Each structure stands twice: as structure tokens, then as C-alpha cells.
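Scroll down for the structure; my scribbles are underneath it.
The values are calculated or read from the model by the stated rules, or taken from the named source; none is laboratory data. Bear in mind the structure is a predicted one, so any value in this text is a computation, not a measurement. Because the Cβ atoms are built from the backbone with ideal geometry, glycine has one as well, and the counts that use them run over all protein chains shown.
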Amino acid sequence: MKKPLLLKYKKEIIYSLLFILISGCGVWTNFKTYFNTYYNANRIFEETETQILANRKELFYFEEPVIPQNLSEDLDEVIEKTSSIMQHHKESDFVDDAILMTGKSFYYQQNFSRALRKFKELATIKNSEFILENKYWMGKTMLQMREFTKALRLLNEVKKEAQANDQNQILTETYKTIIGYYLYVEKYDEVLNEIKEFLKTDIDNELRAEVLYETGLLYEKTKKYKAAQNTFALVPDYNPTFLIDFRSRFESAKLTKELGDTTKSLELFNELRNEDKFIDFMGEIELEIGKIYYDRKNINNALEKFTVVDTTYPKTPEAGKAEFYRAEIIENYVNNYDSALVLYQEAAYSLAPMTLRTIAKNKSGQLRKYIDLHDKLDNLQIQYLYLTNEDVFIKDSLDFVKKVKQDSIKAAEENLRNNERLNKQARRGGRRQEQFNNATQTEYLNGPKRPTITVDSIKALNSKYYFRLANLLFTEFDDPDSAFYYYNLSLSETKNNPNEAQILYSIGDYYLAKKEKEKADSMFTVVYNKFEFDPIRNEAAKQIGKPLYDFDKDPIEDEYIEAEELYYSSSYNEAIKRLFEIYKENPKSIYASKSLYTIGFILENNLNMPDSAAIYYNLLKQEYSSSEYAKNISIKVTAYNQEQIRLQAVQDSIRKAEEERIKATSLQDSLATTITDSTNIELKDSTNFFDKEPKAIEDTLNSEKELLK
């Protein structure tokens, strides 16, 4: 079959070759160039460009995305072939097309400078059929090279020439490029002007519908909701694509809600919901219906819708949004913070928009802190009950043992029921029994335990956690009333509250928020007058118009620095002497409290005299309770004092027993007891130090100084 076919066309082939030879070298050159190089270059370029443009979703864009490596390699091949045409076939008619392809290839590879050089080279070829298209690509490239003024001037020239010469394709691309640029620099008035001109040109209805849809989105972005709604309403008149048809109707329904008509909006969303062709968008539709219920405070229906979206359309942006709204409802209406925390955490790592994920992450942190503080307070409440009511501890312990026994019996019965092949698997059964015993022992270890801290320590910790909880509610939850409640709880828990100044100031802030200025000013006045050495005093001063105190510079600072130098040179006794003088002579200086703290620190850490250190720490806590130094040692000193009381009680018990023994044997000897520190320096009556009169306190301090000489 092949041979007759070849014979049939043999004449035609011979005549064609003869025609080419007779016509001259120009035609022969074009023929060789086309089939040897240009054809393949053009084919590869068109296929590659089609893929690049197919990946772009926006109608109007400015920023050029980086193309995949395989497409860039295809363009390298195009450039290689077109370069061959320009180098070896300069006389062919394909040179100007090859230059244009080369420039476009460089452009898509984002090698804009080389692309511009090629476009400028083509501009020198007179009478080229690509002059206008080349001019468009020059302007497009200059935009990417940030030569905005030159680029816009050139593109506006292209618009006029294209319109005058009925070059509609180039005209359309030019408008899209200019509009994309103005959107990028957020010159929205210019965008609207260009779109109005664009819509007057001869474009097909499908493109017109898409342009109208983009215009509606721009109006929506600039909060011109009525104009946006009117524009979306025009889209169905121009034969839109399936996607643009849905999107325009969907946005119109959203805007109807935004304009206040939730009933009409719900009706429009239900219409979309009932059209089977939009089944792929059902998650978005259900989410918006849920949001309408949420806005109407129809919380049950809203929660139901959000749950449907979350569970039916997982791993979608809509599911992430639904998780966030579920978390909000469960936090604010159900008050189940544990469940809300779980949902916020899921929303934070979902496909929801970044803004929503950021909010969810912050809410997760807030709720985690809130739950942690309440867990600590609950634990302290149990310890307080055990300390103040022995019967509660005994009852809980007995209940726990009873529960463990019941659970052990149930587990054993279950083990027997599931162990029908016990004889065949004796070794495995023995291992299960061992694991069961270990689990039971672990449960016992987790039972009620006697507290290891005192009631006063529990109250101090309660006060601290109430204060933190109040701050959290005030600053992060925007719940001033609850914060006010916990601030007052913190104050009532313990005397000499180290956070008293901050609490009173915060209560003043609360009254300001409630527009009760008189009460607020009274709180700020208390802070200003009572807490001379707390920096928050200046914040209170600003509120009531009082002079500020320069906490950064104190006339005693140089004296304190000299005392510090003595400490750093290991002259501990001399340092203590100088620090004590600073405290005695300048009791209102911020360095008074710091000096007492430093004396205690030296005695505790450098001279190994903890009992002596406790005397100064107690003095610091008593006279400067609101200072940062008193706060630093508050818990430690409270624990120390409790331990001293316990030790005193033990000694009293021993002494009483000894007295009874001596009395029984008629012995008349007396027993003198003292409390000594780890260096065996006797600190007489140190546990009753603060019961002494001021003169006695001073005498004791002088005694301490003498001991250290």
C-alpha cells in the first residue's frame, strides 16, 4: 500500500522542490529554517506558555510567580533554538519572531534585564509584524523592573494604537496588565477608572462577567457594599462561567447580610444550597448559614451548623473556620474551657485564614493559662481542707482505697473472662498479672497525700494566683468585673500582700473603666501615699496629677555602690556595717530595702548564717513589704518562720517532758535552751524577734553587728 501512495505523490514532490529551487535562496532558507529549528522552538514555547498561563488564577495580577523547574528547562531549550536562528539564519523571515520568543522566555524565567534587551533589539527591526506586541512586552517588562513611569507611558500608547488598529487581544492584555499594577500599589480609584474604560471595549460576554465580578470584589474590599452588591447582580446577564456564576451569587448573599438583611441573606444561601450543581461548595454555604445564626444569637442552630461543617468537610478552610466559631461558642456560651481549648488548638493549625489562626493560637494560650491557674487554686483548696480538717483527709483516703480495691476486683474479673487459654499462655498471663500489679501500685501512689506546706503558705500562694488570674481576666479576657472579684480575693487572703500596690492600682483602673473617677482617684491616692518605693507610684501620680519620683537616681546610690564594692572585695563585715547605716539613716530611700536584702544575702550565702539572715529578711518584709526585694524573699521567710515555730514546739515538748522527769526525781537543776544557727552563733530569742519593742530590735541588730566584727 505504501509504494503506490509514494508513486502517486512523486510528481507533486518533484514539482515542489523544483519550485523552491527556481524561486531562489530566500524561500529555500525559510524552508530549512522552519523545519529544522523554528517549528520545534515555536511548538515547545506555545506548550510551555499555555501551562504557565493555566497556573494563574487571577484575572488581574502584577507579581510574576516563579515557574516550575521543568518549564524553565523547556524555555532554555527554546532560547537555544531561537539563538541558533538568530545566529545562523539571519536572512530568514523568522528572525523577528525568534527574538520575540527569546524575550518572552527570559521574561517568564524572571530574567527581566535580558528580556528587555531582546525587546529593544526587536524594536529596531522596521516593518516587523510584531511591533505593537513587542511594545506591549517592553512596557510589561519595565513594570517588573520598577520603571513604573516609563512603563505606564508605553502601555498607554499601546492601548491607543491597539484600539485604533482593532488589535483587541493586545488591547485586552494591556488593560489587564495596567489594572493588575494599580491593584498591586492599591490605587483603587485608578483601578475603577481603567475597568470602566475596559468594559467599553469589544470583549466577549464571558470575560465581561469576570471583570464585573472582580469589580464587585474591589467594591467589597473598600467597604462599598451597596455598589458591590449592584455589580454582582449584573454578572448573570453576561453568560458567566459556572465558577463566576456561583461566586457572584455567593458574594451577593454575604453582602445582603452585611447590609443588615439577614432574612434575605439566609433565603439566598438556601437557594444556593438547594441547587445540586453547587454541591462542591456546600461547606462554604453551610458555614455562612451558621454565621447568620451566630449573628442572630441563635446559638444552638449556629453550633449545630458549625459542627456539621467541621465534621463533614474536614481539612478544608471552611472546617478550620467552623472549629474557631465552635470554640468561641463553647467558651462564651457553654463555659467549657477545656473543650474550647481543644478546638482553638485545632483551629490554630487548620487551613483557616492566617488572621483567624493567629487569633485561635492566642486564645489557646489564654485559656491554657486560665485553666492552669484554676487547677493550682483547686489543688491548694484540697490541701487547705486536709490541713484544717483531718476528717476530710481520712475520708478521702478511705474512699480512694475503696475505689482502688473495687477497680482491682473488676480488673481481675475482666482478666479472668478474657483469659480462656490461661493454661496454654501461662507465661504471658504471668506478665499481664505483673503489669496489673504495677498499674495498681501506680494508682496507690496517686492517692491523697498530706500537705507539705503550712496554711499561711497556702494563703500566700492563693493570693498570688488570684492576682495572676485577675490580671489575665482584665488584660486578655476583657472581663473587668471578674478581675475585680479576684483582685479583692487576692487582697483578703493574706496580710502584707507583696502585690498590694499593683492590686490597688488595678482596682483604680477598674473604676476608671466603669467611669467612676472619684473611686478611681481614691485608689490611686492610696497607692501614691502608701507605696513610696514602688515604681507603680509614678503611674498613680500621673492619674492624680502628683509629682513623679525619679526611681532611676537616688542621692544614696553612691553610698550603696561603695558598700557593694566592699562586698565584691570580700570585706563582708564592713559591707554589712555600711549597708545597715544606709538603712538606718535613709529609711525612705529605695536603697533602704535593697540594703536590708543585701545584708540578708551576705549572711545567708557568704557567711553561712541563715538564722542571722532571717532577722534581716523579716525586718525587710515587715518594713518594706511592697518592695521587689521583700517579694523575692517572702515565701522563703514564711517557710523559715514556720519551721522555727515547729522547732520551738518540739523543744517546748522536750522541755516539758524533762521538767516532769526532773520533778519526779526531785532534781532542782534548770535547763537553758537557745536556738543556734549553722555557725553556732547564739541568736537569743530570734523566733520572737518581731515581738520586741523598736529599741529592743535596734539592740539586737547592733548585737548582730558586733558578732560580725
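Filter the range 150-183 down to the residues that are of a type outside the set (Asp, Glu) and surrounded by fewer than 14 Cβ atoms within 10 Å (Cβ to Cβ), then identify the one that is nearest to the chain's Cα centre (by Cα).
For the range 150-183, the residue satisfying everything is 150.
Please specify each residue of the range 227-256 satisfying the condition of being β-branched (Val, Ile, Thr), out of contact with any Ser or Thr (no Cβ under 6 Å at 6 or more places or on another chain) and more than 13 Å from residue 215 (Cβ to Cβ).
Result: 241, single match.
Of the residues 380, 356, which single one is aliphatic (A, V, I, L, M) and at pLDDT 95 or above?
Checking each option against the conditions leaves just 356.
With of a type in the set (Asp, Glu) and over 17 Å from residue 294 (Cβ atoms) as the only criterion, which of 338, 310 stands out?
After applying the criteria, what remains is 338.
Kindly indicate which of 591, 572, 616 is within 44 Å of the chain's Cα centre (by Cα) and among the aromatic types (Phe, Trp, Tyr).
Sole residue among the options that is within 44 Å of the chain's Cα centre (by Cα) and among the aromatic types (Phe, Trp, Tyr): 591.
Here's a check for you: in the range 430-476, which residue that is aromatic (Phe, Trp, Tyr) and modelled with pLDDT of 90 or more is nearest to residue 362 (Cα to Cα)?
Only one residue fits best here, namely 474.
Just give me the residues in the range 304-327 being surrounded by fewer than 20 Cβ atoms within 10 Å (Cβ to Cβ) and outside any loop (DSSP other than H, G, I, E, B), in sequence order.
304, 307, 308, 311, 312, 317
Looking only at residues that are among the hydrophobic types (A, V, I, L, M, F, W, C) and under 19 Å from residue 339 (Cα atoms) in the range 362-393, which one is surrounded by the most Cβ atoms within 10 Å (Cβ to Cβ)?
367
Scan the range 602-617 and tell me whether some residue there is assigned to a loop (DSSP other than H, G, I, E, B) and among the charged types (D, E, K, R).
The answer is no, given that none of the residues of the range 602-617 is assigned to a loop (DSSP other than H, G, I, E, B) and among the charged types (D, E, K, R).
Looking at 120, 135, 160, which one is in a helix (DSSP H, G or I), over 23 Å from residue 63 (Cα atoms) and not β-branched (Val, Ile, Thr)?
From the options 120, 135, 160, the qualifying one is 160.
Taking the condition in contact with a helix residue (DSSP H, G or I) (Cβ under 8 Å, 6 or more places away or on another chain), farther than 25 Å from residue 551 by Cβ and modelled with pLDDT of 90 or more, does residue 579 pass?
Here the answer is no, as residue 579 does not meet what is asked.
For the range 1-73, which helices (runs of 4 or more DSSP H) that fit wholly inside it have 2 or more residues that are at pLDDT below 50 and surrounded by 11 or more Cβ atoms within 10 Å (Cβ to Cβ)?
In the range 1-73, the matching helices (runs of 4 or more DSSP H) lie at 2-23, 25-33.
Would you check if there is a residue in the range 506-514 being under 30 Å from residue 457 (Cα atoms), surrounded by 14 or more Cβ atoms within 10 Å (Cβ to Cβ) and touching an Asp or Glu at 6+ places or on another chain (Cβ under 6 Å)?
There is no residue in the range 506-514 that is under 30 Å from residue 457 (Cα atoms), surrounded by 14 or more Cβ atoms within 10 Å (Cβ to Cβ) and touching an Asp or Glu at 6+ places or on another chain (Cβ under 6 Å).
Which condition number in (1) in a helix (DSSP H, G or I); (2) closer than 21 Å to residue 254 by Cα is the one that residue 297 fails?
Against the list (1) in a helix (DSSP H, G or I); (2) closer than 21 Å to residue 254 by Cα, residue 297 comes up short only on (1).
For the structure I just gave you, tell me whether residue 128 is under 30 Å from residue 69 (Cβ atoms), of a type in the set (Ser, Thr, Tyr) and either surrounded by 17 or more Cβ atoms within 10 Å (Cβ to Cβ) or without any contact (Cβ under 8 Å) to a residue 12 or more places away in the chain (or both).
no
So in the range 131-149, with the set limited to residues that are surrounded by 22 or more Cβ atoms within 10 Å (Cβ to Cβ) and out of contact with any Phe, Trp or Tyr (no Cβ under 7 Å at 6 or more places or on another chain), which one is farthest from residue 53 (Cα to Cα)?
139
When you check residue 276 against the structure, is it modelled with pLDDT under 95 and under 20 Å from the mean Cα position of the chain (by Cα), yes or no?
When the stated conditions are applied, residue 276 does not pass them.
Please indicate, with yes or no, whether at least one residue in the range 89-103 is over 16 Å from residue 48 (Cα atoms), loosely packed, with under 15 Cβ neighbours inside 10 Å and free of Cβ contacts under 8 Å to residues at least 60 places away in the same chain.
Checked the range 89-103: at least one residue is over 16 Å from residue 48 (Cα atoms), loosely packed, with under 15 Cβ neighbours inside 10 Å and free of Cβ contacts under 8 Å to residues at least 60 places away in the same chain.
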